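A short write-up of the structure that comes next.
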Amino acid sequence: MINITDSLLFLSIARNTIDEMHTQKDFKYFIQNEASDYQIMSILINNEIPEEKYNITQEYKLWESFQQLVYENINVKSFQKIIVEMGPITEYNISSAKPILEFLLEAEPNYAQNLFKRISSLKKTAKSTLKKGTDAATKLAVDTAKKGSMGQIAVGMSAGAAAALIAFVAAKVYKNYLSKAARSCKGKPEKAACMKEFQDKAMRMRISKLRSGIATCSKAKNPENCKKSLQSKISKLQLRADKL
């Protein structure tokens, strides 16, 4: 069973990563608004855009290639566990393309609500998928801090895949920390202040993970592109952090 939430998160990060590595406006627009998730994965793994927009068989193969890269280059079982539960979301009529996400979340709130119910139902069918993903991401954060295992992330990978993976780890740590905040601040009279404190810490952790990931870009096939993408993400997050 595919973990749709993590898959969508990774694909969204992958789009932004590819976007940040290019300067041509038409191409950037294509990446954010027109490219299918199949095309995004092809760019990330093969560095090429397939002529056909959809091919679910090939899309599955791209995810398998990506998962194999992770297994060969990242010796962190908790992270491998998250990745193996990810895959194509096309069959669920979901896409990480900006217009589709905006349509689902804003223009058709009822559809979005039903979509989230469907995702929730799928997770229940998969029993503990969400809990396993959360536990694995939390363990990954601990492993990374204790062993410096983030340093293995970029070995043998394209700059885009390496940067997207590092950013995905940072985002997972951030989201897990905020989940902890919601539980810790529940029922407190100064809930807003409590949440703000957690948000500040979570954002600093996310930025810190990205900064530590920059060093691993030296092992990617194109280190400068990997670094450029991560530095762009850090700058954007720093602006958000300053407004908190």
- Task: Quote the FRET efficiency, to the nearest 0.05, computed for residue 200 versus residue 33 with a Förster distance R0 of 41 Å and r equal to the Cβ-Cβ distance.
- Result: 0.80
- So if R0 is 51 Å, what FRET efficiency would residue 71 and residue 191 give, r being the distance between their Cβ atoms, rounded to the nearest 0.05? 0.75
- Note on the structure: Lys and Arg at +1, Asp and Glu at -1: neighbours of residue 91 with Cβ under 11 Å from its Cβ sum to -2
- Cross-link list 77/98; 28/61; 61/98; 25/175; 81/172; 98/209: which exceed 20 angstrom alpha carbon to alpha carbon? 77/98; 28/61; 61/98; 25/175; 98/209
- Note on the structure: Two pseudo-spin positions, 7 Å from Cα along C-beta at residue 23 and at residue 242, lie apart in nanometres by 2.3 nm
- Determine the gain in length on full extension of the stretch residue 103-residue 53; use 0.36 nm per residue of separation and subtract their C-alpha separation, reporting nm with one decimal. 16.0 nm
- Message: Please give the Cα centre distance for the range 202-218 versus the range 1-32, rounded to the nearest Å.
- Response: 19 Å
- Taking amide H positions as placed in the peptide plane 1.01 Å from N, state which residues far from residue 96 in sequence (5 or more) or on other chains have amide H under 5 Å from it. 37
- Ordering of 186-198, 43-55, 169-181, 227-239 by burial proxy (mean other Cβ atoms within 10 Å per residue, highest first): 169-181, 227-239, 43-55, 186-198
- Message: Going Cα to Cα from residue 201, which aspartates and glutamates come in below 13 Å? Please leave out same-chain ones fewer than 8 positions away.
- Response: 242
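Each value in this text was obtained by applying a stated rule to the coordinates, not by laboratory testing. None of these values were measured; they are calculated from a predicted model. Here the Cβ is made from the backbone with ideal geometry for all residues, glycine too, and neighbour counts use every protein chain on show.
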